[in-house]
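Chemist: Okay, handing you the structure first.
Derivation of every value follows stated rules applied to the coordinates shown; laboratory data play no part. Quantities reported herein were computed from a predicted structural model and do not represent experimental measurements. Virtual Cβ from ideal backbone geometry, glycine too; neighbours counted across all protein chains shown.
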């Protein structure tokens with residue numbers, strides 16, 4: 001991956017709705033090479049997909065929270081059941097298996113505490129959990145979907 005690929009990725013991360021001509025201009029190449037590079041980056045899985053980012057507040061999703069989960073069961077079967085069950089809950093926007101004292105971290109967005117309670121009741125039906133606690137975001141101080149490109153080798 002060279003500097004042009006990095007510029008293309010930076011342009012796409014900033015605004016994927018731009019035309020190939022706009023992306024090419026930002027990367028300093030013509031349209032055809034830019035299109036070929038974008039296609040290659042997609043084929044290689046570096047670009048997973050292009051999406052629209054929505055405003056949670058305008059969708060009545062005013063409560064963002066994090067659920068910390070500990071479990072006494074660490075089998076492959078349990079993990080598969082848990083992962084599949086949590087993946088079916090649309091309010092869960094991220095699920096991480098963690099190192100350290102917490103086994104899983106769940107990020108979710110709902111409309112209210114009542115929405116969280118409904119989510120919690122669905123979550124505890126998914127699998128046997130030892131300890132579940134949650135914290136709620138008071139204010140988001142940084143949010144980005146743009147990944148740092150300084151670590152790309154090549």
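Chemist: Being over 19 Å from residue 110 (Cβ atoms) and in a helix (DSSP H, G or I) is the filter here, so list the residues in region 50-80 that pass it.
Modeler: Scanning region 50-80 gives 76, 77, 78, 79, 80.
Chemist: Let me ask another. For residue 14, work out the one condition from (1) closer than 28 Å to residue 110 by Cβ; (2) in contact (Cβ under 8 Å) with a residue 12 or more places away in the chain; (3) loosely packed, with under 15 Cβ neighbours inside 10 Å; (4) touching a helix residue (DSSP H, G or I) at 6+ places or on another chain (Cβ under 9 Å) it doesn't fulfil.
Modeler: Only one criterion in (1) closer than 28 Å to residue 110 by Cβ; (2) in contact (Cβ under 8 Å) with a residue 12 or more places away in the chain; (3) loosely packed, with under 15 Cβ neighbours inside 10 Å; (4) touching a helix residue (DSSP H, G or I) at 6+ places or on another chain (Cβ under 9 Å) is unmet by residue 14, namely (1).
Chemist: Shifting gears a bit: Go through region 29-49 and report how many residues are assigned to a loop (DSSP other than H, G, I, E, B) and in contact with a helix residue (DSSP H, G or I) (Cβ under 7 Å, 6 or more places away or on another chain).
Modeler: 3
Chemist: Identify the residue in region 81-96 that is outside any loop (DSSP other than H, G, I, E, B) and within 14 Å of the chain's Cα centre (by Cα) and, among all such residues, is farthest from residue 129 (Cα to Cα).
Modeler: In this case the residue turns out to be 93.
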